[in-house]
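What follows is a single structure, written as structure tokens, with notes after it.
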Amino acid sequence: MSALEPRDAEVTATIVETTVVQPAEGILGRTHRALSIGIVSVVLLIAFEATAVGTAMPVAARELHGIPLYAFAFSAYFTTSLFAMVLSGQWADRRGPLAPLATGIGAFGAGLLLSGTAANMLAFILGRAVQGIGGGLVIVALYVVIGRAYPERIRPSIMAAFSAAWIVPSVVGPLASGTVTEHLGWRWVFVGIPVLILLPLGLALPAIRRMAGGPTDAAAASEPFDMRRIRLALGISAGAGLLQYAGQELRWLSLVPAAAGAALLVPAVRGLLPRGTLRAARGLPAVILLRGIAAGSFIVAESFVPLMLVTQRGMSPTLAGLSLAAGGLTWALGSYVLARPRLEPHKGALMVAGMVLVTLAIVAAPSVLIEAVPAWTLAAVWAVGCFGMGIVIASTSVLLLKLSAPEEAGANSASLQIADGLSNVLLLAAGGAAFAALGGGAVGAAAHGSTSAAGAHPGAFTVVFLPMAAVAAVGVWVATRVRTSP
């Protein structure tokens, strides 16, 4: 998700800025206005989907009798997106980001329709897998667009705009999704969102075609795809899927798919990520590892928050979703803080502080399993964690592009997103296995009104959150290694 050696920041900035007509303009200046509005609209769609679908997911899993497969509904998305990220990186580097972006948006909408019309949990998960293909294509293509069309000095601003695009969906998404779920049914949440695809397509694609549509090197357009990387991408997706399956089954026979998954995954990871990633070598490898640690630990924990509130504290889907709403604002605030030029000398310390906040939020989240703790405290805790994530995610995105030559932006962005997606899959597999082993599947009885079931399995949630907090704590150390110089 090439050559991955760090480049001098000034050289990279000079290369990119020569393609910009008015380097003094901001992201809403005349040069970049249409492009910025278009790609932020794409992020707005993804944000609305994530917040709305996350609110409806517990109800969908319950009605489809799929609570034991709850983790698969999330990991299926990440598993297929791993392959799509590698494909998108090569596609964008050779042909330009326009085609993978358009294809990805279409697949994203098709996956929503498949899930929304699913008759059982397996069909629902299939739809999420198709969505993952679309999401993987889109996210890498967007990074390539940013690397090509925006000079280095305003990239933090467009990243902050991406985070700001989550604010309205974070507030409106859970409320709208919860209301629709309770009054019309969860299916309408899925089948209604694809209508919103038309706006991003209309705004983004013409601007991308004009400013970043073609390959950086005309000769690259005729080059075939690197089939070795494609095979490794298939291996990483298949391996991650097998490990997820083995984690959910919890039988001795599950060791067979687990071993097969590991055999596929290990060489694929070594071949697709830059050398030194797993040992947090300074520079780009540490940036990529930090992204994986931060995204994996936090997003996996967040995936279980609505289910915990619905089944253990008796909240409605609407209130459970709204408990995460403030996080959209604080996430954007964290990105905004990072984008301030005067804080440039302190960005290393800010990233460490951000990971500390993420760790503390995950540790504190399961405290709401105690009846004496008000459920609303989770909203405050998660808002703090999202502030830290805003700093860390924006930092890794900006640093990745800073350390990449323009013709390597696709491959390097794919590596960053592979670390992000793979950590989600592996940690969801581990968390889902622990959740099922401690009776997590029985929480479905709570959703059907059994109060005894609601209080019987708090450990099923605790063994998800506390290990994720330990992973995030490792990220505090990794954050000290992302800078190549003091």
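The values are calculated or read from the model by the stated rules, or taken from the named source; none is laboratory data. Computed from a predicted structure; not experimentally measured. Quick reminder, even Gly has a Cβ in these numbers, built from the backbone with ideal geometry, and neighbours come from all protein chains shown. Surface areas here come from the heavy atoms of the whole protein model, side chains and all, with no ligands, DNA or RNA. Shrake-Rupley method; radii C 1.70, N 1.55, O 1.52, S 1.80 Å.
What is the calculated FRET efficiency for R33 to V168, with r their C-beta to C-beta distance and R₀ = 22 Å, to the nearest 0.05?
0.65
Quick one: pull the percent of accessible area on region 80-217 belonging to carbon and sulfur, 1.4 Å probe, ligands and nucleic acids left out.
Taking all protein chains in place, region 80-217 shows 73 percent carbon and sulfur surface.
How many percent of the accessible area of region 303-374 is carbon or sulfur, using a 1.4 Å probe?
Whole-percent figure for carbon plus sulfur exposure: 74.
Note down, for region 78-161, the three equivalent ellipsoid semi-axes (square root of 5 times each alpha carbon gyration tensor eigenvalue), biggest first, whole angstrom.
Listed largest to smallest, the semi-axes of region 78-161 are 28, 13, 10 Å.
Would you calculate a helix-derived [θ] at 222 nm for the chain, using -39,500 (n - 2.57) for each DSSP H run of n ≥ 4 and dividing by the full residue count, to the nearest 500?
-24500 deg cm²/dmol, from helical runs alone.
Residue by residue, what Karplus-based ³J(HN,Hα) values in Hz, rounded to whole numbers, does region 118-123 have, using 6.51, -1.76 and 1.60 with θ = phi - 60° and x for Gly and Pro?
After applying 6.51 cos²θ - 1.76 cosθ + 1.60, I find 5, 8, 8, 5, 5, 5 Hz.
What residue among A141, F48, F162 has its Cα farthest toward the positive end of the dipole of region 44-172, where the charges are +1 on Lys, Arg and -1 on Asp, Glu, each on the Cβ?
Positive-end residue among those listed: A141.
On full extension of the chain, what length is gained from L253 through S367, given 0.36 nm per residue of separation minus the C-alpha to C-alpha distance?
Gain on extension, L253 to S367, equals 37.5 nm.
Sorted by accessible area (1.4 Å probe), largest first, how do Y336, Y143, Y77 line up?
Y336, Y77, Y143
How big is the accessible area of R340 in square angstrom, nearest 10, if you roll a 1.4 angstrom probe over the protein chains?
Accessible area, nearest 10 Å²: 70 Å².
Solvent-accessible area of E152, probe 1.4 Å, all protein chains present, reported in Å² to the nearest ten, please.
Around 40 Å² of this residue is reachable by solvent.
Give me the accessible area per residue for the chain, probe 1.4 Å, as a whole number in Å².
In whole numbers, the chain has 37 Å² accessible per residue.
If DNA, RNA and ligands are ignored and the probe is 1.4 Å, what is the ranking of L307, L255 by accessible area, most exposed first?
Result, largest first: L255, L307.
Taking 25 Å as R0, compute the FRET efficiency from the Cβ-Cβ separation of A380 and H346 and round it to 0.05.
In this case the efficiency is close to 0.45.
Taking H placed 1.01 Å from N in the peptide plane, check which residues at least 5 places from M315 or on another chain put their amide H under 5 Å from its amide H.
Amide H neighbours of M315, under 5 Å, 5+ apart: V310.
Which value, in Å² rounded to 10, gives the accessible area of W331 with a 1.4 Å probe and all protein chains present?
Per-residue accessible area (W331): approximately 50 Å².
Order the following by accessible area, largest value first: D93, D226. Probe radius 1.4 Å; ligands, DNA and RNA are ignored.
So, going from the largest accessible area down, we get D226, D93.
Cα centroid distance between region 348-404 and region 235-299, in Å?
That distance is 23 Å.
Could you give the Stokes-Einstein D for the chain in µm² per second, using the C-alpha Kirkwood radius, 4 °C, 1.567 mPa s?
58 µm²/s
I need to check one value: relative contact order of region 111-156, counting alpha carbon pairs closer than 8 Å and at least 6 residues apart, in percent.
That works out to 28 percent.
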